[in-house]
1. Leaving out ligands, DNA and RNA, what percent of the accessible area of segment 303-394 is carbon and sulfur, probe 1.4 Å?
2. Within 10 Å, count the other beta carbons around each residue, average over each peptide in 408-414, 293-299, and list them highest first.
3. Over segment 632-690, with every protein chain in place, what whole percent of the accessible area is carbon and sulfur at 1.4 Å, could you tell me?
4. Using mean Cβ contacts within 10 Å as the protection proxy, how do 522-534, 331-343 order, highest first?
5. Could you work out the Rg to Rh ratio of the chain, with Rh taken as the Kirkwood radius (inverse of the mean 1/r over all Cα pairs)?
6. Loop-only trypsin sites (Lys or Arg not before Pro) in segment 572-668, please: DSSP not H, G, I, E or B, and at most 15 other Cβ atoms within 10 Å.
7. If each of LEU200 and ALA527 carries a label point 7 Å out from its Cα toward its Cβ, how far apart are those two points in nm?
8. Determine the calculated [θ] at 222 nm for the chain from helices alone, applying -39500 (n - 2.57) to every DSSP H run no shorter than 4 residues and normalising by the residue count; nearest 500 deg cm²/dmol.
Amino acid sequence: MRIEWMNGVASVPEHVSEHASELAAGAGVSRRNFMKAAGVLGGGLVLGFFVPGANRFANAQAPKAVYAPNAFLRIAPDNTITVAVNRLEFGQGVNTGLPMLIAEELDADWSQMRSELAPAADVYKDPLFGIQMTGGSGTINHSYTQYREIGARARAMLVAAAAQQWKVPPEKCKTAKGMIIGPSGQRVSYGSVADAAMKLPLPEKVTLKDPKQFHIIGKPTPRLDARAKSNGSQKFGIDNYPQGVKVAVVARPTVFGAKVGKLDASKAKAIKGVLDVFEIATDRGGRGVAVIADGYWPAKQGRDALLIEWDNSGVEKVSSDEQLNAYKALAAQPGIVAKDADISKLASAPQKIIAEYEFPYLAHAPMEPLNCVVDLKAGSCVVWAGTQFQTIDQGAIARTAGLKPEQVTLNTMMAGGGFGRRAVPTSDYLVEAVNVAKAYMASGKSGPVKVMWSREDDIRGGYYRPSHVHRAEIGLDETGNIVAWNHTVVGQSILTGTPFESMMVKNGVDATMIDEAARLAGADPVAYRKQLIGKDHPRHITALNLAVEKSGYGKKALPAGHAWGVAVHESFGTVVAYVVEASVDKGVPKLHQVTGAIHCNRAVNPMSIEAQAQGAILMGLGTTLPGAAITLKDGVVNQQNFSDYMVARMPDMPKVEIHIVPSDDPPSGMGEPGLPPLAPAFANAIAKLTGKRMRKLPFDLANA
């Protein structure tokens with residue numbers, strides 16, 4: 001199989017793509033800030049230590065050993081145990097998964113476990129990526145050993161402290177459910193010896209449990225934040241209103257990068273509650289107008305009353321139809337070879353498939369729109385935001401405010417979704433909020449300012465999932481075997497300009513970038529996949545076999561008008577196989593059931609894995625629904641709210657059954673992997689029912 005990459009950036013606006021801008025440099029955090037972070041959790045046993053590691057993204061060509069950070073742990077006198085989670089929790093379950101790892105090695109009582117989101121600091125950086133962030137399905141994968149070692153070291157220190165009090169050898173003591181048991185039956189709680197344990201030296205080496213001893217890892221575990229989210233007491237970033245805070249909304253250019261031509265703010269200033277109106281710098285070189293008021297509603301009314309003439313001269317005005325045509329033209333040309341193979345047999349192959357697949361821009365559309373609180377003072381800045389990119393964002397905030405990173409306190413807030421929108425290397429919404437705070441401060445005022453985005457702001461705000469065109473030329477012999485495959489991908493890189501470019505973009509190729517062949521060969525789709533996958537990928541075969549077995553594929557009779565669809569995909573080290581059941585009624589496809597098998601190696605929390613897959617299935621289904629596309633005309637985004645931008649809703653949700661392949665290997669990622677195979681499996685079922693191939697998202701049977 002030969003894969004070619006065509007970067008469409010010359011024909012597409014960089015400012016529309018998800019991560020096309022250059023990464024702001026200098027986002028490091030000082031030793032002083034590490035000490036500040038160490039005090040966040042207060043008294044008791046606090047572990048914050050460094051272990052040797054490699055910052056692979058600092059210099060991918062010549063990596064050097066650095067001290068990668070680990071997290072903190074607090075044990076209070078009442079025996080409650082609080083884990084500082086070094087990520088963003090926005091629905092994926094890290095506020096439970098990471099504490100589970102510590103609790104397991106600590107021999108803690110799970111009912112006494114708590115979690116807190118950590119602020120931006122060196123100590124909380126991802127041990128692989130070298131920055132504090134949430135993304136790439138890396139939390140459990142990268143921190144599996146890290147957090148277990150924290151728990152094991154804490155346990156060793158607690159045991160040593162108790163053994164000193166009892167004057168017995170530590171190896172004669174045992175632990176269970178937050179208690180230390182001495183050789184003569186003495187018992188003491190973790191909380192009662194935590195202060196003494198904190199004064200002991202950190203063990204250089206610890207022995208982690210044999211998985212056979214696990215009593216927490218691998219067990220379905222309800223989330224620690226489930227009750228708060230269910231009863232409405234959970235505080236998200238949008239709920240954060242520090243004392244004296246004022247609310248700002250921003251009128252942004254209708255075309256990305258445009259500027260304010262003429263402004264009449266008199267009507268806005270006349271609205272009760274509006275405090276000030278001023279022009280600010282916005283993302284991508286643009287200019288906008290901020291309205292600050294006593295609350296969101298007067299700020300919004302003030303913005304609606306603004307009279308603005310935008311200056312769109314000198315900025316790119318993209319139209320989706322023109323962009324698609326440009327992509328298709330590029331797809332027909334030779335590109336950069338990402339994976340080379342002999343395609344000489346393609347021309348003479350007796351059977352051929354030539355297909356183009358189209359993928360539009362997609363908005364992230366999280367339930368909670370973007371928001372950020374900034375309290376800017378001379379020499380310091382405190383920020384509250386649901387950020388995925390703490391290290392990058394802290395540096396960007398500091399540069400914008402004219403401060404050093406250690407002068408910026410970035411508090412991580414619980415977020416109501418994000419899907420990558422809160423991990424933009426330009427830190428756009430945070431930088432904008434600091435610009436608003438700077439203008440507010442320059443006007444002689446002081447105090448925190450909260451910049452809030454409306455749903456319309458969010459949908460039209462850019463940084464979308466990039467649009468792509470794939471062109472596949474597949475040659476098969478007389479028996480249906482693939483003899484050559486040439487695959488060209490045209491689109492914008494989501495890695496260029498990010499911390500991952502040096503490692504995952506090689507020679508201009510972005511590394512993140514069947515069923516038709518089975519049909520042409522007259523073969524069963526499952527059997528054909530197994531033949532192609534072969535013996536070199538046993539995890540793929542295992543996952544596919546499990547999904548087929550649990551679904552009843554090939555054995556269970558389907559209702560009239562229903563058909564099976566199958567797809568298998570690997571991403572972030574995890575293999576996901578879906579067998580779906582679908583129908584088409586009056587030209588409208590309907591997904592009835594999804595049976596999934598997931599091979600993510602060791603399952604830390606099966607409940608979270610199942611929930612991740614359920615959410616991914618619904619989100620993947622949403623990409624197939626009519627209206628699930630962001631389009632532009634003369635540089636202006638056409639969609640603005642859920643009335644004209646489709647997301648999947650509860651009636652669209654199929655019945656879902658998820659099965660996990662048992663494994664003792666260290667866990668792989670489980671954030672994104674559940675999404676990619678859904679649309680292909682659904683499309684394959686539709687093709688079996690209608691004979692029409694869905695080669696474009698969202699699905700359009702009428703024009704297929």
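1. Values: 2260 of 4210 Å².
Reported share for carbon and sulfur atoms: 54 percent.
2. Values: 408-414: 24.0, 293-299: 18.6.
Averaged packing, sorted descending, gives the order 408-414, 293-299.
3. Working: 1520 of 2730 Å².
Exposed carbon and sulfur together represent 56 percent of the surface.
4. Values: 522-534: 16.0, 331-343: 13.8.
Most protected by this proxy first, the peptides run 522-534, 331-343.
5. Working: Rg = 27.1 Å, Rh = 27.4 Å.
When Rh is taken as the Kirkwood radius, the ratio is 0.99.
6. Details: sites: LYS586, LYS590, ARG602, LYS633, ARG649, LYS655; in loops: LYS586, ARG602, ARG649.
Taking segment 572-668 and a limit of 15 other Cβ atoms within 10 Å, the loop trypsin sites (Lys or Arg not before Pro) found are LYS586, ARG649.
7. Each label point is offset 7 Å from its Cα along the Cβ direction, giving 6.3 nm.
8. Working: 17 runs with 185 residues, N = 704.
So the helix-based figure for the chain works out to -8000 deg cm²/dmol.
The values are calculated or read from the model by the stated rules, or taken from the named source; none is laboratory data. This is a predicted model, so every value here is computed, not measured. Every residue, glycine as well, gets a Cβ built from its backbone with ideal geometry; the counts of neighbours run over all protein chains shown. Surface accessibility is based on the protein's heavy atoms, side chains included, excluding ligands, DNA and RNA. Shrake-Rupley method; radii C 1.70, N 1.55, O 1.52, S 1.80 Å.
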